[in-house]
Number of protein chains: 2
Amino acid sequence: MSVTIKEVARRAGVSISTVSRVMAGEARVRPENRRKVESIVKEMDYSPNSTAQSLVSHAANAIGLLLTEAEAERANHPFGMELIRGAVTRANRSGFDLFIGSGSGERAGQQVMSRLVRGKRVDGAIVLAGRHKEAVIDWMRTNGAPFVLIGRSEQEGVPSVDIDNEAAGYEAAYHLIRLGHKRIGFVGLATERDAVECRFRGYKRALRDNGLSWRSGWILEEELLRDGGDRAMAYLTSLLQRPTALVAADDMTALSVIRALHNLELRVPADMAVVGFDNTPLAELSVPPLSSIDTGAYHLGYWAADRLLRMLRQKKNGAEGPERLVVPHKLVVRESSMPVRGPISPA
Amino acid sequence: MSVTIKEVARRAGVSISTVSRVMAGEARVRPENRRKVESIVKEMDYSPNSTAQSLVSHAANAIGLLLTEAEAERANHPFGMELIRGAVTRANRSGFDLFIGSGSGERAGQQVMSRLVRGKRVDGAIVLAGRHKEAVIDWMRTNGAPFVLIGRSEQEGVPSVDIDNEAAGYEAAYHLIRLGHKRIGFVGLATERDAVECRFRGYKRALRDNGLSWRSGWILEEELLRDGGDRAMAYLTSLLQRPTALVAADDMTALSVIRALHNLELRVPADMAVVGFDNTPLAELSVPPLSSIDTGAYHLGYWAADRLLRMLRQKKNGAEGPERLVVPHKLVVRESSMPVRGPISPA
DNA sequence: CTGAAAGCGCTTACAG
DNA sequence: CTGAAAGCGCTTACAG
């Protein structure tokens, strides 16, 4: 076995209490003893057993991050990875470690969380839930574990961190409107994805506010793009009154769309302007480079962890400060929605 | 506080030993008592404190996954996320939890690992090291913590899981050779990335084996592509004897290349065929869809965890079975390297 | 400033 | 089959 506090105490000729105090950086230790202990600690390469520390201090010094299956499997991976990086960075900064829980299946996620939270392995958790009525949210609430949601909740009193997806959707559409587009569609609608639904609402509001209308034919569900989207785009572009610009639910969707348009020999942005969401690394590698709303995944992870840590420090489960923390997003304009010479509408 | 074993024992009218035995699923418990305990456990919603369990059983039932900074920050994110999913899935299957450690900076990674391993928070770790001489490898060895490396090691006796990057590089190049290409370049060379160096070696061997040669002008370092690669590709394609096909170090590099070629008004694959590595979700969304070697990130994560768990079960630190486990890769051919009508060399 | 002691919530021989 | 007891490696009043 490895070195224990007992061994260090013996070698340093002090009690384990003193060693503990030195490790904790407490002031009330005679300098002489402190030096002695420190040198032995170094010599023996002692490192306190954090399990024992957790047991006695009732603090795990760890937080969990639960990715619900839908989120984890979505091809949207760059987003998830950035989010993890943000969360782990913030957690480490406070000496906390980060557990990843990823449920394959509704129940598995909860089981893992259950083990983590109820087994006191973590002091709290960040939950990335795609849907505001995700069952795990209720579970966390009734289990009384401090947690922060990334996303929206329809319930009150749930501390959450999110971007304002509706405003982002509005901004994407408004950007196209200012470019002169009059017929703007929305592709990749997925009613089971909260963020997307909000973006869609923002899109509609922007059109309405600017006296524009949309047709149901301009709205494409996510399922229609599953096969690559060639058929869906062929349909969309064959409409008599076809849109000249599209807001896509996320970058992956936008890239599918661009590829499908390319297969149809339509040019982006000349024949169709496109804007995506998330500003993943792919956006700038796309041909043409894709305009996208940067949702700052790293920041979401970072601030969710920050907020959770704050709650833990105050031993509060509920939200302090605003229930909902909104992380700013920003539109990054690239070629896919650049103004084009000549008239916009080719239809 | 939450329910403890003591409380359950009291309510069930048995000793804590009995409760512990029931929870552990031991046979030697009178059915009557078992039922009684089980019902109380359910009623009180008791869940053992895993911290206490770990302390007494000397097993954390958790493993760590260390992403060195270079790996975590590489835009190569889809890869990392898949890898995490694989590892967490396998770990959970055995009732283990997964810690993520991500060092920003050489030292930070080691600090986090140190806390995790030496603090007995994890029983072992998976290390994703981009370079075989990553300092953390030595650290893990001297600290005696069981670990599995994802990648290569120049040292002996380090259990590792990896794909055969050299064979993969060979395969990518050979695929192009069979298509009739005689002048094949390699872009994105990064000597500090082990995997890439191996792919490069495989590429060279394939050319050599088939009586082809390469010129230094056909080999582009990663740095040259940092600005998007337009300049580098302009140079490459302006060569008198310019390559007709390129092996790219990874998908992100390949996408940069494709975009740069597009800007130069060169067609892929007609003017230049391209093959990438990793087969990230982007590959099929590219225009044209990108041929890529699927490196199975999910499998790498899964098998690394599997192997580590096996080592833990046997309480061995060294490799059992082959030191190096090779996960198969496979070439996925898409349009970027499809045969083209007519003569291949336009130079 | 320091040490002996109690205790965190469990598991596991050991003796019945 | 079952319980009392020791012990895992720490922290933290408490009394000096």
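The values are calculated or read from the model by the stated rules, or taken from the named source; none is laboratory data. Bear in mind that the values here come from a model prediction, so they are computed numbers and not experimental data. Methodologically, a virtual Cβ is constructed for each residue, glycine included, from the backbone with ideal geometry; neighbour enumeration extends over all protein chains shown.
Here are the numbers for this structure:
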{"read-out": "Residue list for the stretch B:321-340, restricted to those being without any contact (Cβ under 8 Å) to a residue 60 or more places away in the chain and surrounded by fewer than 17 Cβ atoms within 10 Å (Cβ to Cβ)", "value": "B:Gly321, B:Pro322, B:Lys330, B:Val332"}
{"read-out": "In the stretch A:59-71, residue nearest to DNA strand C (Cβ to nearest atom) [restricted to those that are assigned to a helix (DSSP H, G or I) and within 11 Å of chain B (Cβ to nearest Cβ)]", "value": "A:Glu69"}
{"read-out": "The stretch B:272-298, subset touching a Pro at 6+ places or on another chain (Cβ under 8 Å) and not hydroxyl-bearing (Ser, Thr, Tyr), residue surrounded by the fewest Cβ atoms within 10 Å (Cβ to Cβ)", "value": "B:Pro281"}
{"read-out": "Among (1) more than 16 Å from DNA strand D (Cβ to nearest atom); (2) part of a helix (DSSP H, G or I); (3) of a type in the set (Lys, Arg) - the single one B:Arg115 does not satisfy", "value": "(1)"}
{"read-out": "Residue in the stretch A:129-141 that is crowded, with 23+ Cβ neighbours inside 10 Å, touching a Leu at 6+ places or on another chain (Cβ under 7 Å) and modelled with pLDDT of 85 or more present", "value": "no"}
{"read-out": "Filter result (basic (Lys, Arg) and within 12 Å of DNA strand D (Cβ to nearest atom)) within the stretch B:1-38", "value": "B:Lys6, B:Arg10, B:Arg21, B:Arg28, B:Arg30, B:Arg34, B:Arg35, B:Lys36"}
{"read-out": "Residues within the stretch A:42-58 that are near DNA strand D (Cβ under 6 Å from one of its atoms) and within 7 Å of chain B (Cβ to nearest Cβ), tallied", "value": "4"}
{"read-out": "Long-range neighbours under 6 Å by Cβ, at least six apart or interchain, first residue of a type in the set (D, E, K, R) within the stretch A:298-310, second in a helix (DSSP H, G or I)", "value": "A:Asp306/A:Arg90"}
{"read-out": "Set B:Pro243, B:Pro159: member being touching a Phe, Trp or Tyr at 6+ places or on another chain (Cβ under 8 Å), buried (at least 24 other Cβ atoms within 10 Å of the Cβ) and more than 23 Å from B:Glu265 (Cβ to Cβ)", "value": "B:Pro159"}
{"read-out": "Residue satisfying condition, being basic (Lys, Arg), in a loop (DSSP other than H, G, I, E, B) and either over 30 Å from B:Phe147 (Cβ atoms) or modelled with pLDDT of 95 or more (or both), within set B:Arg267, B:Arg259", "value": "B:Arg267"}
{"read-out": "Conditions (1) modelled with pLDDT of 85 or more; (2) farther than 16 Å from B:Asn279 by Cα; number of the one not met by B:Ile344", "value": "(1)"}
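Results for (1) touching a helix residue (DSSP H, G or I) at 6+ places or on another chain (Cβ under 8 Å); (2) more than 26 Å from A:Leu285 (Cβ to Cβ); (3) outside any helix (DSSP H, G or I), shown as yes or no for each residue.
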site	(1), (2), (3)
B:Val148	yes, yes, yes
B:Glu156	no, yes, yes
B:Lys182	no, yes, yes
B:Gly185	yes, no, yes
B:Gly188	yes, no, yes
B:Arg205	yes, yes, no
B:Trp214	yes, no, yes
B:Val247	yes, no, yes
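Okay, residues lined up against (1) within 14 Å of chain A (Cβ to nearest Cβ); (2) modelled with pLDDT of 90 or more:
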residue	(1), (2)
B:Thr253	yes, yes
B:Asp271	no, yes
B:Val275	no, yes
B:Leu285	yes, no
